[in-house]
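S.K.: Shown below is the structure under consideration.
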Amino acid sequence: FVAKVWEWKEDHGNQIKEQLERLGASCDWTRARFTLDEGLSRAVRHVFVTLYNEGLIYRDLAMVNWCPRCGTAISDIEVEYKDTEGKLYLIDYPVVGDERRLTVATTRPETMLGDTAVAVHPDDVRYQSLVGKQVALPLTSRTIPIITDAILVDPEFGTGVVKITPAHDKNDYEAGMRNELPRIQVIDEAGMMTDAAGALFAGLDRDAARIAVVEALQSQGLLREVKAHQHSVAYCGKCDAVVEPMISRQWFVRVEALAQPALEVVRSGRVEVLPESWLSTYYNWMENIHDWCISRQLWWGHRIPAWYCDCGEMIVSEEPPASCPSCSQDTLRQETDVLDTWFSSALWPFSTMGWPEKTADLQAFYPTDTLITGFDILFFWVARMIMMGIRFTGVPPFRRVFLNGLVRDEHGQKMSKSRGNVIDPLVIVDEYGADALRFTLAILTSGRDIPLARSRIEGYAAFATKIWNATRFALMHIEQDLQSAKPILRDELNAVERWILSRLNTATAEVNRALSNFRFDEAANRIYQFFWHEFCDWYIEMSKPVLSGRHGDRAAQEKAKRVLLEVLDRSLRLLHPFMPFITEELWQKLGAREPSIMIANYPLAEEILEDAGAEAVIQTIQQIITLVRTLRLERGFAPKDRFRLNLTIPDQRDAQFFQSNAYLLLELARLSVVTINESVRDDAYRDSIDGLEIAIEFPEKVLTEEQVERVARDIEKLEQDLAATEVQLENEKFVGRAPAAVVQQVRDKRQDLMARLEKLRQNAGGNAS
RNA sequence: GCGGGGUUAGCUCAGCGGUAGAGCAUCUGCUUUACACGCAGGGGGUCGUGGGUUCGAAUCCCUCACCCCGCACCA
């Protein structure tokens, strides 16, 4: 059996490794470790024995969560509680030597066979005369006492009478201890009724027993009522069977002493937990922590290093003892229980480094910087690593924990085979590429859920194609490669070039900031936005006239190539962590300076690249281009139709600038001619952008009603905006209390609105004649 | 019951005190020689409810409603 499990482990371990490799995880695979490797097993034994000797591990009889399907005890956090529609059975227990009957309520009638008392609240006047008497336990020959218990019984609930089954319920177990009640086990480890349940029921499984008990009670007229009842039922986290509370001898860790320092390092910030919203969850759990049941009745795992002797002696030791220290007998039996898998996982940060030896690896790699994992194993793994790390090395195993969300389907539903909404990463990699998947995951990690939608992956696969094509375009023009590229002298650059470098610089700063804040979504979004909508949509188009030689001289062309190369180089490096494969490929095509983009420097913002002036002026040009494009489409003109555009610019220097950059307007807005400060036809379309008067001479064309309405609507909208700004500026409180910059902003806005309105009104009434 | 998160465009989500954003979807036009996995342009939101703070609130505070996730309880 164990050999088969090893086979399974090989299969699945390899699958996981393949998934990681194909996603481009750049790990040192020679250091791959498994918790059952010998080195780690030694660490496990060492920790176990140490904690045992300190009294932090103990073996005792206790009420544990038992999974009858798995045949093992499980820990509290492996139990999943689900609200379940069940039934509440009201059963009459006849009082001995009395006409009366006590009615108890239960959701698990089969457990009544193991009742050893019924309890009422000590202050409950209804039952005071009965306390101390006995009831005849139906379906059995036993009589059990009527006792009082203030902790167990809520007189308000049900009939105020509680049946006590100390062997099969956690609260009843405790009540049984308080009142020194006997415990009768009526359900065994397999979920079958024991002989103690009586001849009628012994051998039935617990579900069949429930039906049989209810029928038997009914036939004796003792079943008073059955009502629908919603309550939470405990299920096994692994196999989904209903968990059976069971008294059993198990091994436990006394966690409280370990939890205190683990709380302290987080409270003091020595270990940072991100996002911060998880802090209170962590505190809440650690402050209310219960002993951890670590023994499992399974075949697979670290076998507990304890040996038993027939004489009753137990030896806990890292290595098998030769003989019993008490009676010298050498026929010792090792504990057959194995450890909870999370026990060895808790030691991972140092057990993988050769601990307890003080190895060089331990020195170099412990503690580590950041742990990134899913929030679902915060308690299972993260908290326990912190506890064990502090206890055994003196320092927490990492300085920061980043908890990422869990991948769901596109509607936020948990992926499951039965829902049929599982997305296999390898299938996605085959279909869309690892880069697209990684980018999508990065951009979606903003919250607790990662709603992975195919449409989303498709979109970012298109982005990868876009990057490919943009680089292809660059390579058509670039002869020089990255290795021999001359540095760019900023003074030689034109406005468009200074603009794109400034925009890239802003993006670079924002990406770096987002990454240091663990906002992978913001970082990915920012690169996407820059690369596609600024670099491709605008810069490449604006550089085409120069690159193709239609505008400017050879020197200008060379410069444009160098800028193109520079922007691509930086963009690819910025993108590399998100899309490692395509960026490596393209970077090499550009003539890499390093053997791999992986080891190239990650771009940092440089103040010298900032250029607010270039950004402002290019933005104005973009607005003019967009205006022309919009009007062209709305007025029903074809892309090939060309118009004359005139700009009225009072400032001499500005006029010169727009004159020399008129080619941008000409090409991108597809104009026939751009003039500055010349007269235009009376029927030209008028507007105003950033203080520039704009006039476009469309060919004579009768405007449709719709187009006339459009002009009217634009004017109406502007009038509303203007009215709103005026109200604001007339408000003395606003002008008095708002920051000066904000007030100025509104004043500028009013100015701009007034200028536009004046121009647009000239268009009103149609310009067809 | 305790704790946390959420409610923003058709869908999935950013934004968290100064004029509502993205991807996808949708509509219109386009063989503009990098890309139709594209280009250009557009439409679409009283930012869950009610109140408060503020010159100003999707953004801060309170109320309520609904949803999700932990934990505890459930005779």
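S.K.: Of all residues in the range A:342-352, which are within 10 Å of A:Leu40 (Cβ to Cβ) and of a type in the set (A, V, I, L, M)?
M.R.: A:Leu347
S.K.: Further, regarding this structure: Which of (1) surrounded by 17 or more Cβ atoms within 10 Å (Cβ to Cβ); (2) assigned to a helix (DSSP H, G or I) does A:Ile315 not meet, given it meets every other one?
M.R.: Exception for A:Ile315: condition (2).
S.K.: Going through the range A:626-684 one residue at a time, which ones are under 51 Å from the mean Cα position of the chain (by Cα), surrounded by 14 or more Cβ atoms within 10 Å (Cβ to Cβ) and in a loop (DSSP other than H, G, I, E, B)?
M.R.: Of everything in the range A:626-684, those that are under 51 Å from the mean Cα position of the chain (by Cα), surrounded by 14 or more Cβ atoms within 10 Å (Cβ to Cβ) and in a loop (DSSP other than H, G, I, E, B) turn out to be A:Arg635, A:Phe637, A:Asn661, A:Ala669, A:Arg670.
S.K.: For A:Leu718, indicate whether it is part of a helix (DSSP H, G or I), touching a helix residue (DSSP H, G or I) at 6+ places or on another chain (Cβ under 6 Å), touching a residue at least 60 places away in the same chain (Cβ under 8 Å) and crowded, with 16+ Cβ neighbours inside 10 Å.
M.R.: no
S.K.: Check the range A:69-79 and report whether any residue there is within 24 Å of A:Ser219 (Cβ to Cβ) and either near RNA strand B (Cβ under 10 Å from one of its atoms) or outside any strand (DSSP E or B) (or both).
M.R.: No; the residues of the range A:69-79 include none that is within 24 Å of A:Ser219 (Cβ to Cβ) and either near RNA strand B (Cβ under 10 Å from one of its atoms) or outside any strand (DSSP E or B) (or both).
S.K.: Which condition breaks for A:Arg498 when tested against (1) farther than 20 Å from A:Pro603 by Cβ; (2) more than 11 Å from RNA strand B (Cβ to nearest atom)?
M.R.: With (1) farther than 20 Å from A:Pro603 by Cβ; (2) more than 11 Å from RNA strand B (Cβ to nearest atom) applied to A:Arg498, the lone miss is (1).
S.K.: With respect to A:Val427, determine if the residue is out of contact with any Lys or Arg (no Cβ under 7 Å at 6 or more places or on another chain), surrounded by fewer than 15 Cβ atoms within 10 Å (Cβ to Cβ) and either of a type in the set (Val, Ile, Thr) or within 30 Å of A:Ala462 (Cβ to Cβ) (or both).
M.R.: yes
S.K.: Please specify each residue of the range A:139-157 satisfying the condition of being in a strand (DSSP E or B) and either within 15 Å of RNA strand B (Cβ to nearest atom) or hydrophobic (A, V, I, L, M, F, W, C) (or both).
M.R.: Result: A:Ile144, A:Ile146, A:Ile147, A:Thr148.
S.K.: From the list A:Arg45, A:Arg22, A:Arg33, pick out the single residue that is in contact (Cβ under 8 Å) with a residue 12 or more places away in the chain, among the basic types (Lys, Arg), loosely packed, with under 15 Cβ neighbours inside 10 Å and more than 30 Å from A:Gln185 (Cα to Cα).
M.R.: A:Arg33
S.K.: Every residue in the range A:158-173 that is surrounded by 16 or more Cβ atoms within 10 Å (Cβ to Cβ) and in a helix (DSSP H, G or I), please.
M.R.: A:Asn171, A:Asp172, A:Tyr173
S.K.: Output the number of the condition that A:Ala614 fails; it satisfies all remaining conditions of (1) within 16 Å of RNA strand B (Cβ to nearest atom); (2) crowded, with 18+ Cβ neighbours inside 10 Å; (3) of a type outside the set (D, E, K, R); (4) part of a helix (DSSP H, G or I).
M.R.: (1)
S.K.: Still on this structure: Being in a helix (DSSP H, G or I) and of a type in the set (Lys, Arg), is that true of even one residue in the range A:587-607?
M.R.: Yes: the range A:587-607 contains one or more residues that are in a helix (DSSP H, G or I) and of a type in the set (Lys, Arg).
Here, each number is a calculation from the coordinates, and none is a lab measurement. Just so it is clear, the structure is predicted and the values come from calculations on it, not from any experiment. Note: ideal-geometry Cβ built from the backbone for every residue, glycine included; neighbour counts use all protein chains shown.
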